[in-house]
Every structure is written in structure tokens, then in C-alpha cells.
Amino acid sequence: MRRSTLTSSLYAAIGVAALIAVWQAGSMLIGNSLLLPSPAEALRALGTLVRSRGFFSDLWASTARVLKGFALSYALGLAFGAASGMMRPVRYMLSPLFAALRTIPFISLSVLAIIWFPSGTVPVFVAFLMAFPIVASDVSEGMVSVDPLLIELTKVYKVPWHKAVTGLYLPSLAPHLVSAFSQALGMSWKIVVSAEVLSMPSRGIGGRMDSARSFLETPELFAWTLLLVALGFAADAALGAIRARAFRWREGRLWRM
Amino acid sequence: MEDVIVKGLGKSFDGKPVFSGIDMAFLNGEVTAVLGPSGRGKTTLIRVLCGLERQDEGEVRMPKGIGCSVVFQEPRLLPWLTVEGNLRYCMDGEGVGRALKMLAGLGLEGFESRYPAGLSGGEQQRVNLVRALASREKVLLMDEPFSSIGLGMKAELLPFLRESTASEGKTVVLVTHSPVDVALMADRFYLMSDDGRGADGPFELEIEKGGRRLDDDGLGREVHKLMKLMASLGKGGQGPDGR
């Protein structure tokens with residue numbers, strides 16, 4: 001177990017180093033930081049960015065939108081996913097909606113939302129609509145995959161429903177809940193920042209990126225992107241730690257086979 | 001009447017009958033075996049008795065207010081719960097106390113905090129057994145419970161199970177294809193007929209109540225007789241412990 005995590009993080013580090021090397025080589029080849037700043041320039045821009053006025057309030061404004069959109073999509077996705085996993089008619093009724101939401105470009109939703117909502121609400125609404133079907137279909141799949149033999153066991157031994165929820169259904173769903181969590185959170189970040197570029201709320205990362213674009217501050221654009229990537233990495237790492245703890249029971253398999 | 005009575009029971013899947021016209025009586029406080037080769041609907045019979053499946057014809061007369069516990073053919077343990085957690089899932093605190101005491105008697109001492117994935121098949125099956133034995137339900141249904149348990153373990157375990165269920169006054173239904181299981185544990189047995197129509201029996205075992213030891217001649221003769229009986233069913237060419 002330990003050995004394999006060690007080698008996997010070693011390979012990940014090699015991958016990151018390779019990416020940075022390609023980036024560095026590209027920037028040297030182009031030789032114009034307006035088109036492609038070097039990694040060092042991007043890092044320097046990030047340093048300036050963090051110290052700039054309003055950085056934290058912009059970061060927080062976007063984070064708050066992400067959290068709202070994500071929380072809404074996760075809560076409703078959980079409810080609808082559980083219902084569609086348990087009841088076939090609900091599953092059939094929801095499937096066209098989900099299929100539609102998966103193909104609709106988020107731009108068309110954003111443009112509509114700009115007409116309907118104040119600019120600060122637009123990113124929340126669009127992020128919710130894009131992340132909701134991911135959570136719902138993941139949870140619904142999880143409900144269907146609960147071991148029927150264990151459901152029978154639960155019936156025969158007349159296990160009370162609250163014990164069945166915490167003892168059987170939640171642990172069966174756990175892998176799906178975790179994957180829905182990371183996917184919906186990542187999706188929310190992408191959508192919130194993109195929708196902010198369109199709807200232009202007074203505070204937020206999207207607005208800052210748009211003004212960096214219009215002033216041709218390419219290093220700053222890269223700095224914001226780096227920041228978002230770092231946030232994504234941090235969230236994944238935190239989730240990975242939770243996952244390792246939650247699925248400890250699987251380790252027994254290693255010394256049986 | 002405390003006995004569980006089955007009258008004219010029939011069950012089919014997609015129009016194909018599994019069995020029909022089954023009449024059986026499972027007497028209060030006794031171990032009744034249902035013997036037959038695989039594919040004669042023995043598991044379906046258990047599923048009908050515990051209410052997981054509804055019969056198409058006939059009836060099951062279960063005394064009022066009496067429930068069943070089941071030893072399933074597979075261990076059916078929740079993989080994310082420890083042995084103790086699995087016991088807690090299916091019973092209240094008092095039952096768990098009884099179950100934990102039983103673990104030692106079944107060679108599972110100190111296994112409380114281990115996960116199912118770390119147990120062998122036979123060990124998992126014994127947890128399945130403890131779970132059903134510790135339950136307060138009056139009727140104990142066992143569906144091929146010993147197929148992953150070796151002969152040596154069986155020779156100790158089955159007479160022990162026979163005594164402990166008798167002392168608690170449980171009504172036991174043991175469904176099996178193994179004559180050894182029947183000879184070691186049952187008081188009476190039925191034979192699932194060849195064509196799925198009805199069952200023969202009940203037959204009494206001709207072993208004195210105490211003599212359930214593997215080296216006992218009476219037991220050997222009984223196993224031999226049961227094997228011949230099963231061979232006469234045509235397809236029943238499996239050995240005493242064949243699987």
C-alpha cells in the first residue's frame with residue numbers, strides 16, 4: 001500500500017515536471033510574454049496578484065458562489081438521485097432532463113440566466129444546473145448497485161430503516177458520493193469562473209481575468225489559472241485522504257489473496 | 001400448535017415449476033432436514049418459508065408471532081463492517097452479547113474487530129451461522145450452510161449445533177445435498193423427489209440420540225443408506241460431501 005502511493009506520487013511529480021519543462025521550452029521558443037509567459041513570470045505574477053488590492057475579496061466572492069452552487073447541486077442531486085435509484089418511473093422521467101442538461105452548452109444557459117438573475121447569482125445558477133445531473137446520476141447508479149443479497153439480509157433480519165441507511169445504503173453509496181463530490185466541485189469551479197466572465201459581477205475571479213485579458217496582462221491570466229489548478233489539487237488531495245480512511249475495510253483483501 | 005406446517009406448496013418461475021405439492025411438517029424443537037440434489041428448489045423452499053418469495057399455490061402455516069432467522073448459502077456479510085459490526089447490524093445489544101460469546105465456541109475467538117475480507121470462506125460462513133443462532137427468532141432456516149466447512153469441523157460443529165438449538169427449543173429446517181450433514185444433525189428428513197412433484201418422508205434417522213460421532217458405526221450406516229437413497233433419485237451421484 002505505502003510503496004504504491006510512493007511510486008504513484010513519484011510518477012505524478014515527473015508528470016508535473018515534464019509539463020513545466022514543455023511550458024518553459026514553449027515560452028523560450030516564442031520569446032514573447034504577452035503570448036506565452038514563462039513559468040517563472042507566471043509565478044511572479046501570482047506573487048503580485050496575491051498582494052494586490054481586493055485579491056482576497058475577489059477570491060472569496062468566487063469561492064462563495066462555488067460553494068453555493070455546489071451545495072445546491074449536491075443536496076438536490078442526492079435527493080433526486082436516491083429517488084430515481086429507488087423508483088424506476090422517476091428514473092425514466094428524469095433521464096431526458098439529464099440528457100438535455102449534459103448537451104446544452106453552458107453559454108446558452110448563462111445568457112438566459114443573465115436575463116433572469118442579478119449578475120452575482122448567474123454563476124451560482126449555471127453551476128448548479130451543470131453539476132446537478134452529475135451528482136444525481138452518480139447517486140442513482142449507486143442506489144441500483146446496492147447488493148440485492150444484502151437487501152434481502154436486511155429484510156429477513158427486520159433491520160430498522162435508520163440502521164439500514166447508515167449500515168447498508170450509505171456505505172454502498174460511498175464511492176459514488178465521493179466521486180460525485182469531486183466531479184461536481186471541479187465542475188462548479190470551472191462554470192462559476194466562466195460564467196463570471198460573462199455576467200460581470202462586481203467581485204470575482206472571472207471579472208479579474210476578463211480585465212487582465214483586456215489589458216493584455218497575460219502573466220496575470222496565467223497566475224489566476226495556476227491558482228485555480230492549485231485549488232483543484234488541494235481539494236483532490238483532501239478528498240483522497242478522506243477516501244483512504246473511509247475504505248480502510250478493503251485492505252483486508254490484500255492479505256487474503 | 002408450535003410446528004411449522006407446509007401444505008400443497010408450489011412455486012414456479014416464468015411458468016416453469018420449481019416444485020409443487022410439497023407437504024412437510026417441521027416439528028417444534030426438532031431438526032428437520034430436506035435432502036436432495038442441487039436444482040430441486042431447496043433454496044426456493046427456504047425463500048418461501050422466510051417470506052422472501054411468495055408461493056404460487058398451497059400455504060405455509062407459521063404459528064402466530066413467530067419469526068425466522070436464516071443461515072444463507074453465502075455468508076452475506078457487509079464488507080465495510082467488522083465481524084462485531086455485522087452482528088450489531090442484524091440484532092439488538094442483547095443478541096450481540098449472546099453472539100459474541102458464541103464466537104469462541106466456533107473457533108472465532110478474537111475475530112470481533114476483523115473485516116470479512118480478512119476471513120477465509122469457512123470463517124465467514126461461521127459468522128453467518130452465529131448471526132442466525134444468536135437471533136431470538138424461534139424458527140431457524142439453514143440453506144446449505146456447511147458447504148464451505150470441512151469434514152473435521154463439521155464433525156464437531158453439527159452435533160454441537162444440534163444440542164444448542166434443541167436446548168433453546170428452536171425449530172430447525174436444514175436444507176442440504178449432503179447425507180453427512182443430515183446424519184450428523186437431523187432428527188428427521190424429507191427427500192425432494194426427482195420430478196419436483198412432492199417430497200418423500202418424513203423419515204426418522206436410526207441413530208440413537210447421543211451417537212452423532214463420525215467414528216460411530218450407526219452414523220456410518222446411516223450415511224451409506226442416505227447415499228443409496230440419493231443415488232436412487234437418478235441424478236444424485238454426488239458423494240456424501242460432494243460439491
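Quick one: among A:105, A:201, A:148, which has the greatest mean-square fluctuation in a GNM of chain A with alpha-carbon springs under 10 angstrom?
Of A:105, A:201, A:148, the most mobile in the Gaussian network model is A:148.
Using a 10 Å cut-off on Cβ to Cβ distances, tally the other chain neighbours for every residue of B:40-52 and report the average as a whole number. Please list the in-between numbers first.
Working: counts 0, 0, 0, 0, 0, 0, 0, 2, 0, 0, 3, 2, 3.
Other-chain Cβ atoms within 10 Å of each residue's Cβ, averaged: 1.
Can you tell me what percent of all Cα-Cα pairs in the protein assembly as shown are more than 29 Å apart? Mind dumping the intermediate values first?
Values: 80024 of 124750 pairs.
The proportion of pairs with Cα distances above 29 Å equals 64 percent.
Between region A:26-104 and region B:32-99, how many Å separate their Cα centres?
Taking the Cα centre of each part, region A:26-104 and region B:32-99 sit 49 Å apart.
Given the DSSP H assignment, sum -39500 (n - 2.57) over each helix run of at least 4 residues in chain B and divide by its residue total; what's the result at 222 nm in deg cm²/dmol, nearest 500?
Working: 7 runs with 82 residues, N = 243.
Helix contribution divided over all residues of chain B: -10500 deg cm²/dmol.
Rank B:170, B:16, B:42 by mean-square fluctuation in a GNM of chain B with C-alpha springs under 10 angstrom and give only the top-ranked residue.
Ranking B:170, B:16, B:42 by mean-square fluctuation puts B:16 first.
Of the listed pairs B:101/B:225; A:155/B:170; A:155/B:11; B:11/B:170; B:64/B:225; A:155/A:190, which have alpha-carbon separations greater than 32 Å here? Mind showing how you got there, number by number?
Values: B:101/B:225 37 Å; A:155/B:170 21 Å; A:155/B:11 21 Å; B:11/B:170 26 Å; B:64/B:225 37 Å; A:155/A:190 44 Å.
As for pairs spanning more than 32 Å Cα to Cα, those are B:101/B:225; B:64/B:225; A:155/A:190.
From the square roots a ≥ b ≥ c of the eigenvalues of the alpha-carbon gyration tensor of region A:120-257, which class results: rounded (a/c under 1.5), prolate (a/b over b/c), or oblate? Numbers along the way, then the final one.
Details: a/c = 4.45, a/b = 2.23, b/c = 1.99.
Verdict is prolate for region A:120-257.
I'd like the projected area of chain B, averaged over all directions, using the convex hull of its alpha carbons. Report it in nm² with one decimal. Please report the intermediate quantities before stating the final value.
Values: hull surface 51.9 nm².
Mean orientational projected area (chain B, Cα hull): 13.0 nm².
Counting other beta carbons within 10 Å of each Cβ, put A:63, A:218, A:166 in order, fewest first. If you can, show how the numbers build up before the last one.
Numbers: A:63 16, A:218 19, A:166 11.
Lowest to highest Cβ neighbour count: A:166, A:63, A:218.
Where a ≥ b ≥ c are the square roots of the eigenvalues of the C-alpha gyration tensor, would you call chain A rounded, which needs a/c under 1.5, or, failing that, prolate if a/b is larger than b/c, or oblate?
Verdict is oblate for chain A.
Hey, if you put +1 on the Cβ of every Lys and Arg and -1 on every Asp and Glu Cβ in the protein assembly as shown, which of A:119, B:139, A:69 ends up farthest toward the positive end of that dipole?
Sorting the options by dipole projection puts first A:119.
Go ahead and estimate [θ] at 222 nm for chain A from helices alone: -39,500 (n - 2.57) per DSSP H run with n ≥ 4, summed, over the residue count, rounded to 500. Provide the component values of the computation, followed by the final result.
Details: 11 runs with 206 residues, N = 257.
So the helix-based figure for chain A works out to -27500 deg cm²/dmol.
Quick check: residue separation of residue A:88 and residue A:12 times 0.36 nm, minus the Cα distance between them. What number comes out in nm? Numbers along the way, then the final one.
Details: separation 76, 0.36 × 76 = 27.36 nm, distance 4.19 nm.
Gain on extension, residue A:88 to residue A:12, equals 23.2 nm.
Using Cβ counts within 10 Å as a stand-in for footprinting exposure, how do A:137, B:232 rank, fewest first?
Working: A:137 23, B:232 10.
Exposure proxy ranking, most exposed first: B:232, A:137.
Given charges of +1 on the Cβ of Lys and Arg and -1 on the Cβ of Asp and Glu, with all other atoms neutral, how large is the dipole of chain A about its Cα centre, in debye to the nearest 20? Spell out each step's value before the answer.
Details: 23 positive and 12 negative charges, 174 e Å.
I would put it at about 840 debye.
Computed from the coordinates by the stated procedures, all read-outs in this text should not be read as laboratory data. Computed from a predicted model, the values in this text were never measured in an experiment. Glycine gets a Cβ as well: all are built from the backbone with ideal geometry, and neighbour counts include every protein chain shown.
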